[in-house]
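What follows is a single structure, written as structure tokens, with notes after it.
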Amino acid sequence: MSDLAISVADLREAQAAGAQIVDVRQSVSYIREHVPDSINIPYARQGFTEQAAFYLQRDRAVVLLAASMPIADVAGQALRNAGFSVLGALEGGISAWKQAGGAIAAIGEITATELENFIEQGDAPLIVDVRETWEFNAGHIRGSKHMPLSQFGRTYRELPQDAPVVFVCASGARSGDVVQFLYRLGYRQVYNLTGGMAAWLSERRRA
């Protein structure tokens, strides 16, 4: 048994005391389901501690959630070597959390049909297109704000944190990365347009 293993009750107590829950599973798993207010930093041999240094607060302890305890052990040691205080890792991972009745969150997505319905009803959210200029100029959703991904690290602070924002790219891949980035920074009303402009144009052709 790993010396990092803690129970769901321990995790809840640590979170209530201000600990950061760091989910080191791969993004595809985290997007589908995760502990509310956890931060996703997928474990990898390269770049893991650098991402942790960017997203985490060093004056707050860390509790890990991983796909397995061996991964938690490696990730925990890496964080400790980087100067973070690691309290433990949830034994049983997300399955244990769900079995104990823990709430589950997911990163938001919106379909082209749903977005078009909002627009037609006059209730459109802020739509941000993160494609490059030549892509945007070739065609975009009317009323969308252009914030190229290549400049996003300098411009994202212009976005509201208290209102819904839908992100768009060609296929949903780049905009999905943007949503993940903002989610790690505490933005919770961010949504990815599933399938991107390809889905948007396809839906309009079927209409």
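Quick notes on this one:
- A163 meets the conditions (1) under 24 Å from N40 (Cβ atoms); (2) of a type in the set (A, V, I, L, M, F, W, C); (3) in contact (Cβ under 8 Å) with a residue 24 or more places away in the chain; (4) in contact with a helix residue (DSSP H, G or I) (Cβ under 6 Å, 6 or more places away or on another chain) in every case but one. The failed one is (4).
- As a summary of the residue check, A124 satisfies the conditions (1) among the small types (G, A, S); (2) under 18 Å from F181 (Cβ atoms); (3) not assigned by TED's automatic domain parsing to the domain that holds A17 except for the one numbered (2).
- Tally, over the range 35-69, of residues that are surrounded by fewer than 19 Cβ atoms within 10 Å (Cβ to Cβ), of a type in the set (G, A, S) and closer than 21 Å to I94 by Cα: 4
- Per the listing I31, I94, I127, the residue uniquely within 18 Å of Y191 (Cα to Cα) and part of a helix (DSSP H, G or I) is I31.
- Restricting attention to the range 137-150, the residues that are surrounded by 13 or more Cβ atoms within 10 Å (Cβ to Cβ) and closer than 18 Å to D177 by Cα add up to 5.
- From the options E91, E116, residue that is surrounded by fewer than 18 Cβ atoms within 10 Å (Cβ to Cβ) and in the same structural domain as S68 (by TED's automatic domain parsing): E91
- When V166 is tested against (1) part of a helix (DSSP H, G or I); (2) closer than 14 Å to E109 by Cα, just one condition goes unmet, and that condition is (1).
- Residue ID - modelled with the lowest pLDDT, chosen from residues in the range 1-25 that are part of a loop (DSSP other than H, G, I, E, B) and touching a helix residue (DSSP H, G or I) at 6+ places or on another chain (Cβ under 7 Å): S2
- A72 falls short on exactly one of the conditions (1) outside any strand (DSSP E or B); (2) without any contact (Cβ under 8 Å) to a residue 60 or more places away in the chain; (3) surrounded by 20 or more Cβ atoms within 10 Å (Cβ to Cβ), and that condition is (2).
The values are calculated or read from the model by the stated rules, or taken from the named source; none is laboratory data. A quick note: this is a predicted structure, and the numbers were derived from the prediction, not measured. Cβ coordinates were reconstructed from backbone atoms using ideal geometry, including for glycine residues, and neighbour counts include every protein chain displayed.
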